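Below you'll find the structure, written out as structure tokens, and then a few comments.
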Amino acid sequence: MAEILVLAEHDGETVKKVTCELLTLARRFGEPSVVWTGPGAEAGKERLAEFGAATVYVAADEDLDSYVVAPKAELLAKLVAAKSPAAVLVASTAEGREIAGRLAIKTGSGLITDAVDLGEGMVAEQSIFGGAIVVQSKVTTGTPIVAVRPNAVAPEPAPGQAQVENVTVDVSDAAKGAQVTDRVVQERGERPELTEASIVVSGGRGVGGADNFALIEKLADSLGAAVGASRAATDAGWYPHQFQVGQTGKTVSPQLYLAVGISGAIQHRAGMQTSKTIMVINKDPEAPIFELADFGVVGDLFQVVPQLTEEITKRGQG
Amino acid sequence: MNIVVCMKQVPDTWSERKLRSADSTLDRDAADGVMNELDEYAVEEGLRLAEAHGGEVTILTMGPQKAAESIRKALSMGADKAVHLLDDALAGSDALATSAALAAALGRIEFDLVILGSESTDARMGVMAAMLSERLGLPQLSFASKVEIHGTDITINRQADYGYDQVKASLPAIVSVVEKINEPRYPSFKGIMAAKKKPVETLSAADLGLDAGQVGLGAAATEVVSFADRPPRQAGTVVKDEGDGGVKAADFLAAQKFI
Ligand SMILES: Cc1cc2nc3c(=O)[nH]c(=O)nc-3n(C[C@H](O)[C@H](O)[C@H](O)COP(=O)(O)OP(=O)(O)OC[C@H]3O[C@@H](n4cnc5c(N)ncnc54)[C@H](O)[C@@H]3O)c2cc1C
Ligand SMILES: Nc1ncnc2c1ncn2[C@@H]1O[C@H](COP(=O)(O)O)[C@@H](O)[C@H]1O
């Protein structure tokens, strides 16, 4: 069966959900092999087996993480040359796309980013121009390289061997040009990661201040959701930038997106329009975000949000 | 220190954007063209670094005739000159071909630093900095929220999901910037007048030593099979809060099995 390479996203021990999604997609076209960079493969292996990984290529070399992107692309290029896979799938994150971009040049292959589905003949579906147009496209040259948006498909388990095979790569000097000298990790607490979460609650300018974001956080916590923010809110310094949803922030595709005090500018929509269900709380009935709403409440968020949070908590206990 | 800023003209995000039915490429005539908003930050950073360290800022654009308007804007902001890759043979280039053309142009320019935006608002790939650094074998310093230069040492903060990485390299290097890095200036009246006299060099694919097999729609390594307008979302239910908005919202969530 054709081999499909899947680049794992992990935090050194736990496999991210998006990798299970990629494995689920890969199984449509062949037998998935995972490429694991850095430590933690032993710990992560079990989950990879659960989602059908036949092989896990483990490259534990520290150089892979000490330099920006380029070494990982060299590793993948080496595996592509050695294994001739039918396709390479990566997560469509900022770094995933960059690795894919370099790999496309190294292998002379076509690249598709931000795919939301992969069908027959490896035709990728993309949602472009802020979600207004749906495009089907495919790679016609080389080994198809596809970056898939997190939450594109529901991960489905199917057993695999997850046979570990250690691989090495001699990182070239050219790939060592940009050295990571320090990694600054900012706390995100217990909440799920924004791009992976099945529910996202976002606050905008309507929230009115940094302190008021506690309201958004409480609502999010009652649902086990991640917290997002519009650019107006992050620009004002009410919520950290890494939680910005939209064109220049994260693209999210959760089961449920709650937009609170957000008007729905095209740049914000670009980051959330493919959410499955959208709920809106806004006091202005003319706000364009209502065009997307499966359910909307026209009202003051300072009234509606606490009541909703209380209701959810109450029903959860009942 | 000589700086090249890669700038793309894109259809205005606020206008309606369309694909051409004949060849599934972006209909660049249908919408107003503007400088990619994210490249404004790249131009601004280039100008600031040149002001601090001396040297010239060159704008590099690949795009149709109309892109000249956006080049003017960058020159009005204060850039010194521009190179415009203009050729029908380049039209329809995908990311691979675009990077080949930009890399070929960079091969003809003397620079210490190349600055890009973090992504273009039409293609939204965010791959060009990585691709140029791959092609040119130069350090990739992408998604910078801060850039510092001392002599030939350059350090950036690279924005990431978890916070940021501090990254160092030696010039020459390829940088892309995120919109948190600065506040782009508006062109002044003086700047607009001065821009009219600034040199813009136009180069064809042949000037770059590229042939039709390497660039343009024909060389694309990907193909659009079909496209369609997103079916409109089914109109949802909107209720006015009469003191029970939160309860009604909870009812909806319960009906959808979210709670
Ligand atoms: C290049 C570029 C990139 C951009 N990228 C992004 C991006 O990634 N993400 C993003 O979000 N934006 C982005 N923007 C900005 C975008 O254009 C909008 O300015 C921004 O999304 C507006 O944020 P907002 O909806 O929170 O604020 P506003 O548009 O001011 O809307 C606030 C809303 O809150 C409502 N409201 C106020 N008070 C209450 C209350 N008490 N109760 C209920 N509702 C209330 C108001 O009715 C209003 O609808 C970008 C812009 C540019 C030019
Ligand atoms: N045709 C082009 N001409 C000049 N610069 C470009 C072009 N296309 C992309 N770029 C640069 O590459 C960045 C990222 O674009 P992209 O990878 O298309 O999202 C942009 O912000 C520009 O700085």
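Nothing in this text is a laboratory measurement; each read-out follows from the coordinates by a stated rule. Keep in mind that what you see is a predicted model, and the values were worked out from it rather than measured. Neighbour counts are summed over all protein chains in view; Cβ atoms, including those assigned to glycine, are modelled from backbone coordinates with ideal geometry.
The table below lists the values:
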{"read-out": "Helix B:68-77 axis, angle to chain B major axis (alpha carbon atoms, nearest 10°)", "value": "80 degrees"}
{"read-out": "Net charge dipole size for chain B [Lys, Arg +1 and Asp, Glu -1 on Cβ; Debye, nearest 20]", "value": "280 debye"}
{"read-out": "For A:Val280, residues with placed amide H under 5 Å, excluding near neighbours", "value": "A:Ala259, A:Phe295, A:Gly296, A:Val297"}
{"read-out": "DSSP bridge orientation in chain A - percent antiparallel, rounded to nearest 5", "value": "20 percent"}
{"read-out": "Footprinting exposure proxy for B:Val247, A:Val304, A:Val185, A:Val171 (fewest neighbouring C-beta atoms within 10 Å first)", "value": "A:Val185, B:Val247, A:Val171, A:Val304"}
{"read-out": "Cβ-based charge dipole, chain B, positive-most Cα from B:Leu90, B:Gly191, B:Val57", "value": "B:Gly191"}
{"read-out": "Cβ neighbours within 10 Å from other chains - mean over B:148-157", "value": "1"}
{"read-out": "Estimated inter-spin distance, A:Phe302 and B:Ile192, nm [label 7 Å along Cα→Cβ]", "value": "4.2 nm"}
{"read-out": "Simple Cβ-charge dipole of region A:150-199, Lys/Arg +1 and Asp/Glu -1, about Cα centre, in debye nearest 20", "value": "100 debye"}
{"read-out": "Total charge dipole magnitude, region B:1-83, about the Cα centre, Cβ charges on Lys, Arg, Asp, Glu only, Debye to nearest 20", "value": "220 debye"}
{"read-out": "Selection from A:Leu301, A:Thr277, A:Ala287 lying farthest towards where the dipole of region A:265-318 points positive, charges on Cβ", "value": "A:Thr277"}
{"read-out": "Extended-chain gain in nm, criterion 0.36 nm per residue less alpha-carbon gap, B:Asp32 and B:Glu183", "value": "52.0 nm"}
{"read-out": "Near-label residues of region B:91-116 by backbone N, under 18 Å of a point 7 Å along Cα→Cβ of B:Val200", "value": "B:91"}
{"read-out": "Cα Rg, Dmax (largest Cα-Cα span) when computed across chain B, Å", "value": "21.5, 70"}
{"read-out": "Which of A:Leu308, B:Leu203, A:Leu223 has the fewest Cβ neighbours within 10 Å, and the rest in rising order", "value": "B:Leu203, A:Leu223, A:Leu308"}
{"read-out": "Helix axis angle, A:301-317 relative to chain A longest principal axis, alpha carbon, degrees", "value": "70 degrees"}
{"read-out": "Karplus 3J(HN,Hα) series, Hz, for region A:268-277 with 6.51 cos²θ - 1.76 cosθ + 1.60 (x for Gly, Pro)", "value": "6, 4, 4, x, 9, 5, 8, 4, 5, 10"}
{"read-out": "Cα lying deepest toward the dipole's positive end in the protein assembly as shown, options A:Gly101, A:Ala210, B:Val10, charges on Cβ", "value": "B:Val10"}
{"read-out": "Residues B:Asp207 and B:His53, FRET efficiency given R0 of 30 Å [Cβ-Cβ distance, rounded to 0.05]", "value": "0.50"}
{"read-out": "Rounded tilt (10° steps) of A:41-50 against the dominant C-alpha axis of chain A", "value": "80 degrees"}
{"read-out": "DSSP-defined beta bridges in the protein assembly as shown - what % are antiparallel, rounded to 5", "value": "35 percent"}
